[in-house]
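Right, one structure below, let's go through it.
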Amino acid sequence: MVTSMRRQLYAEHLEQLNCVAEQLTLSNSIPDVLDHVAVCAERLVGAKRVSYCELEDDGEHIRLLGLVGKVEDQTGQLISLAESGLGPIFATGNGRYVSSLEYATTAKGRSLRSSGLNHVWSLPIICGGAVEGVVNIASPSIELHSDDSYSVVETLSRLTGSTIERIKARDQSEALLRQLVTQSATDPLTGLCNRAEFRRRLQSSIEQAEMLQQSIGILFLDLDLFKLINDTLGHSVGDTVLQLVAGRIVNTLGPSYTVAREGGDEFIILLPGLTSDTELRNIAGSVVTAMKPSVLTGSFELDVSASIGVCRFPQDGTTVDDLIKNADIAMYRAKDLGRNQYQFYTRELGEAVARKVQLSRALAHAIRDNEFNLLFQPQIDIVTGQIVAVEALLRWRSAEVGNIPPDVFIPIAENSGLIADLTSWVLKNALESLAHWHKYNPDLRIAVNVSAREFSGNSNLFERVVTALERSGIEPQALELEMTETALLSHPEKAALLIKQLSDAGVQLAIDDFGTGYASMSYLIQMPIDSIKIDRSFVNGLENDRCKQAVVNGIFNIATDMQLSCVGEGVENLNQLNWLREKGCRFAQGYLISKPCSASEVADMLKQQATRAEAEEPAIVVKAAG
Ligand code: C2E
Ligand code: CA
Ligand code: CA
C-alpha cells in the first residue's frame, strides 16, 4: 500500500516536472525561471522559498540573482560565501540536502530555521561543465521519503540549470549583437555616429520631412589644413584634435542633432525640422565660431578652423547621396574662398562641378584619341634679338567638349592622376620638335611646364625626364623645366631632392610665374635654379606703374646676386621691352615677340633667323602672325 502510494505520488511528481519543463522552455529571465521553479517546488516538497545565487569574481561573495518567497526582494544582494555555507558546493559541484536545520551552523542556516524552513536543498547549476550557480529550495516540512524528495528536487534543479544556461547564452549573444550594432553605428575615435549610421538617419529624416513638409539642413565640415597637423605633429596629436573638434561641435549644437564623422577630418551634421535659412546660417556660423579658441594638446597650442558646406532638403537635393554630395561641393567652395567660413550650395556650383566631372571623363581618353597638340612660344635674347628658347604650351581640342584652355584642364589632370601621363606626352613631343629645330639652331633650348604635383609625393618625374631625353637624343642642357613656387610647398624635402637630381643631370630649371607664389625667398634661392620668369601680371602695365617697377627691380637685384638669368613674361609692347632692357633683363617672351604658334611656324622663324645670320643682317624682334 505504502509502495503504491509512493508510485502514485511519484507519477504526480513526474507530471509536475513535465509541466514545469514546458514552462521553462518559454522562460526568458532568471526571476521568471525561479517563479516557475518555486511553484513546482511547492507542489513537490512544500517549498516556501527558492533562491538562485552565483559566485562573485572575488571568490569570497555570492550574489543573490533571484529569490521567490520572501516579503522583501533581496535580489542583487551580496552575501559572504563563508556565511552562506555554499562554499563546498561551488568548490566540488556536489549538491547538498540539509534537514532539521537546528543543526545548521551557518548564520544563513539559522536565519532560515528561524523562518520555519527546516529543509534546504542546495544544488549546483552546472553550465558547460562548471558550477555556474547554486539553487536553494527551502521548505518547512516534507511529506515524502527524503530520498524521493532529493531525486525530484535534483531533477528540478537540473531543469533549472539547463534553462539558466540557455538564458545566459542568449543574453551573451544579444549583448554581443548589441555591441556589434553600436560599433557598426559609431566612429571609434570620436564616439560620434559613423557615415553608415548618418546615412540611415538622414534617410529616415527625409521620409519624415516629406510627410510633414519640413526642411532639413546638412552641414559638411572639413578641418582646414588638418593634413599639416598630422604630417608635422603626428597622428596622435591629429587624433586628439579630431576628438576635441567633435566635442566642440556637439557642445555647440546640443544633443538633438546628429553629428557624424564622415571620415578623416570631415564631419557631417543633420539638422532636421528647420524653419528658415536664417536659422541654418546661425547654426553654421556658430559651428565656425566654435572652432576659434586655440586647441591645447600637450605642449602644442594649435589654431583650428573649419570650412563648412551647407545644403538643404528639398531645395538643393532630395536624396541622401545628392544632399551629401552637394554639401561637400559647397564645402569646397568655402575652401576656395579662403577657408574658415561656411558657404551655401547653389545650382551654379553644382553645374560647375558637373562640368569638371564631364571634363575629367573626356580627359581620361584624350591622349589615346590624339586630342592634344603643342603650340610653342619663342623666348628671345633682348640684346641680340635671337630666339634662344621655345616654351611648349599644351592645347586640348576635345571632340566631346570643344577647345579647353590649359588653365582649366591642367588642374583637372592633376586631381584625376592624369598629369604624369600628360607631362610625359609633352616632354616626348616637345623634345622631338626640338630635335628637328636643332638643324636651324643647335643651341636652341625647349622649355616644358611641369605641374607642381609632379614635385610632390611619389612622382617618378626624374626617371621619365631621363627616358625622354635618351629617346630623343637631346642633351639635358637643352631642356628647361618650368615649375612654379608652389612645387616646393607641399613636400619641400622631396621637391628639393628631385630638383637637385635634375640639376645634377644637367637639366635647366626655371621658376615660372615668379612673385605670385608663397614660397619663402630664402628657401627658393638655396635651390639649384638657373632662371626666373617674372610673372606677366608684373610686366602688364609695368611702364606706368611705379609699384610694379619697384617689385621687378627688387627681383632683378636678387637674380643678379644669385647669378640667375631673368625672363620677362607677357611682354606686349615696346615700352615694356625697353624698360626691361634698360634694367638689365636679358630675356623676354610675349605677344610682342610672338604668340604661341605651331612647330612649323617656329621652324620658319628659325630658318629666317639663320638666313639673316648668314647674311650678317642685324637680328630683329620676330613677330609671327598668329
Ligand atoms: P604659363 O606657363 O605662364 O604660360 C604662359 C601663358 O601666357 C600661356 O598661356 C601663353 O599663351 C600666355 N602668354 C604668353 N605671352 C603672353 C602675352 O604677351 N600676353 C598674354 N596675355 N598672355 C601671354 P596658355 O598657353 O593659355 O597657358 C596657360 C598656363 O597653362 C601656362 O602658363 C601653364 O601654367 C599651363 N600650361 C600650359 N601648357 C602646359 C603643360 O604642358 N604642362 C603644364 N603642367 N602646364 C601647362
Ligand atoms: Ca611657363
Ligand atoms: Ca608663366
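Bear in mind that the values in this text are calculations on the coordinates, not laboratory data. Fair warning: this is a prediction, and the values are worked out from it, not measured in the lab. Glycine also receives a Cβ, built like all others from the backbone with ideal geometry; neighbour counts cover every protein chain displayed.
Along region 545-556 the Karplus relation, 6.51 cos²θ - 1.76 cosθ + 1.60 evaluated at θ = phi - 60°, assigns HN-Hα couplings of 10, 5, 4, 4, 4, 5, 4, 5, 4, x, 4, 4 Hz to successive residues, with x for each Gly and Pro. Our coupling estimate for region 349-364, obtained by passing each phi through the Karplus curve with A = 6.51, B = -1.76, C = 1.60 and θ = phi - 60°, is 4, x, 5, 4, 5, 4, 5, 4, 4, 4, 5, 5, 5, 5, 5, 4 Hz, Gly and Pro reported as x.
Amide H to amide H, with H built 1.01 Å from N, residue 47 comes under 5 Å of 42, counting only residues 5 or more places away or on other chains. Annotation note: trypsin sites (Lys or Arg not before Pro) in region 431-478 located in DSSP loop regions with a Cβ neighbour count of at most 15 within 10 Å are 439. One equal scatterer on each Cα of the chain, no solvent, Debye formula: the resulting log10 I(q)/I(0) at q = 0.05, 0.06, 0.07 Å⁻¹ is -0.49, -0.59, -0.69. The angle between the Cα long axis of helix 406-415 and the main principal axis of the chain comes to about 30°, on a 0 to 90 degree scale.
Beta bridges from DSSP with both residues in the chain: antiparallel share about 70 percent, rounded to the nearest 5. Relative to the Cα centre, the charge distribution of region 363-624, modelled as +1 at Lys and Arg Cβ and -1 at Asp and Glu Cβ, gives a dipole magnitude of about 140 debye. Across the options 547, 603, 563, the greatest Cα extent toward the positive end of the charge dipole of region 525-616 (unit charges at beta carbon of Lys, Arg, Asp, Glu) belongs to 547.
Sites listed here are GluC sites (Glu not before Pro) in region 553-622 whose DSSP assignment is loop and whose Cβ has at most 14 other Cβ atoms within 10 Å: 616. Dipole magnitude for region 2-177: computed about the Cα centre from +1 point charges on Lys and Arg Cβ and -1 point charges on Asp and Glu Cβ, it is near 420 debye. Averaging the Cα positions of each part gives two centres, and for region 5-56 and region 322-351 these lie 68 Å apart. The residue among 269, 46, 431 whose Cα reaches farthest toward the positive pole of the charge dipole of the chain, with charges on the beta-carbon of Lys, Arg, Asp and Glu, is 46. Between the alpha-carbon centres of region 161-224 and region 416-450 there is a gap of 56 Å. Taking 0.36 nm per residue of sequence separation and removing the Cα-Cα distance, the residue 91/residue 562 pair yields an extension gain of 160.7 nm.
Once C-alpha pairs closer than 8 Å and six or more residues apart are averaged by separation and normalised to the residue number of region 505-601, the relative contact order reads 24 percent. Between helix 2-26 and the chain there is an angle of about 20 degrees, using the helix long axis and the longest principal axis of the Cα atoms.
Close amide H contacts of residue 186 (hydrogens built in the peptide plane, cut-off under 5 Å, sequence separation of 5 or more or a different chain): 194.
Roughly what angle does helix 277-290 make with the longest principal axis of the chain, taking Cα atoms, 0 to 90 degrees, to the nearest 10? Rounded to the nearest ten degrees, it is 90. Summarising the label geometry, the points placed 7 Å from Cα in the beta-carbon direction at residue 80 and residue 315 lie 7.3 nm from one another.
The string of couplings for region 129-140 from the Karplus curve (6.51, -1.76, 1.60, θ = phi - 60°) is x, 10, 6, 8, x, 10, 9, 10, 10, 10, 9, x Hz, one whole number per residue in order, with x for Gly and Pro. Helical content alone sets the calculated 222 nm signal of the chain at -15500 deg cm²/dmol, taking -39,500 (n - 2.57) per DSSP H segment of four or more residues and averaging over every residue. Looking at the chain, identify the longest residue range that excludes and avoids all chymotrypsin sites (Phe, Trp or Tyr not before Pro) in DSSP loops having at most 15 other Cβ atoms within 10 Å. That would be 1-517. Amide hydrogen proximity for residue 386: with H placed 1.01 Å from N in the peptide plane, the residues at 5 or more positions away or on another chain lying under 5 Å are 381. Placing +1 on the Cβ of every Lys and Arg and -1 on the Cβ of every Asp and Glu, with no other charges, gives the chain a dipole of roughly 560 debye about its Cα centre. Since only 278, 234, 314 are under comparison, the one whose Cα sits farthest along the positive direction of the charge dipole of region 195-345, derived from C-beta charges on Lys, Arg, Asp and Glu, is 278. Do the alpha carbons of any pairs in 428/494; 439/595; 533/583; 227/533; 494/583; 335/533 sit beyond 26 Å of each other, and which pairs? Check vs 26 Å cut-off fails for 227/533; 494/583; 335/533.
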